Amino acid sequence: MAARDLKRLLDKVAQAKSRLGLCKTTPAVSCDGAGREGFWLHRFVQAQGLTNHGADSSSIAVQRRQRRAKSDGWDVRKLVRMLMRFPPGERQVWRVVHVPSVEAEDQRHLHRRPENTIQRNTSILPDHS
């Protein structure tokens, strides 16, 4: 699925419910690894009536001895296994991230805006006048 293809995401949820013989109003639960891209996906999923758990990616255990490359497919399988354990009460599988308000998140990202980065980077350059 292409990144940010939200219509296809919702279609896949509907197809999964149909394949499992569930009615359209059956609650669906999802999870994602909270990252630098912010919480827009979490907010979208919840606005569609789904429950979403944002997992702190640093709390997801990885096998350090295995030398295989980490892939999206591996991440998905790991998250699905953890998600199946979380709702029944196994709360130690990951740390749930507190989702900030949109305003608070915007404030945290102010330093990443291009105009602030350019100003910050040029202010440390020596003056050659």
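Readers should treat all values here as calculations from the given coordinates under stated rules, not as data from a laboratory. Since the structure is predicted, the reported quantities are computational estimates derived from the model, not experimental observations. Glycine also receives a Cβ, built like all others from the backbone with ideal geometry; neighbour counts cover every protein chain displayed.
Taking 0.36 nm per residue of sequence separation and subtracting the Cα-Cα distance, how much length would be gained by fully extending the chain between Ser18 and Val102, in nm to one decimal? Present the calculation step by step, with values, prior to reporting the outcome.
Details: separation 84, 0.36 × 84 = 30.24 nm, distance 3.37 nm.
Value of the extension gain: 26.9 nm.
Less than 11 Å Cβ to Cβ from Ser101, Lys/Arg counted +1 and Asp/Glu -1: what total charge do the surrounding residues give? Mind dumping the intermediate values first?
Numbers: positive: Arg43, Arg108; negative: Glu103, Glu105, Asp106.
Result for the neighbourhood of Ser101: -1.
Once the other residues with Cβ under 14 Å from the Cβ of Arg19 are scored (Lys, Arg +1; Asp, Glu -1), what is the net sum? Please report the intermediate quantities before stating the final value.
On the way: positive: Lys12, Lys17, Lys24; negative: Asp11.
Every neighbour counted, the sum reads +2.
Using the basic label-point model (7 angstrom from Cα toward the beta carbon), what is the Thr25 to Val80 distance in nanometres?
2.8 nm
Can you order the peptides 13-26, 39-52, 95-108 by their average number of other Cβ atoms within 10 Å per residue, highest first? Let's see the in-between values first.
Values: 13-26: 10.2, 39-52: 15.0, 95-108: 12.4.
Going by the mean number of other Cβ atoms within 10 Å, highest first, we get 39-52, 95-108, 13-26.
Let me check I've understood the local charge: for Leu10, count other residues with C-beta under 13 angstrom from its C-beta, Lys and Arg +1, Asp and Glu -1. What total comes out? If you can, show how the numbers build up before the last one.
Working: positive: Arg4, Lys7, Arg8, Lys12, Lys17, Lys24; negative: Asp5, Asp11.
The answer is +4.
Given a cut-off of 15 Å, what percent of all Cα-Cα pairs of region 1-40 lie beyond it? List each step's numbers first, then the result.
Numbers: 411 of 780 pairs.
Within region 1-40, distances greater than 15 Å cover 53 percent of Cα pairs.
Quick one: if the Förster radius is 30 Å, what FRET efficiency do Arg95 and Leu10 give, using the C-beta to C-beta distance and rounding to 0.05?
Using R0 = 30 Å, I get an efficiency of 0.60.
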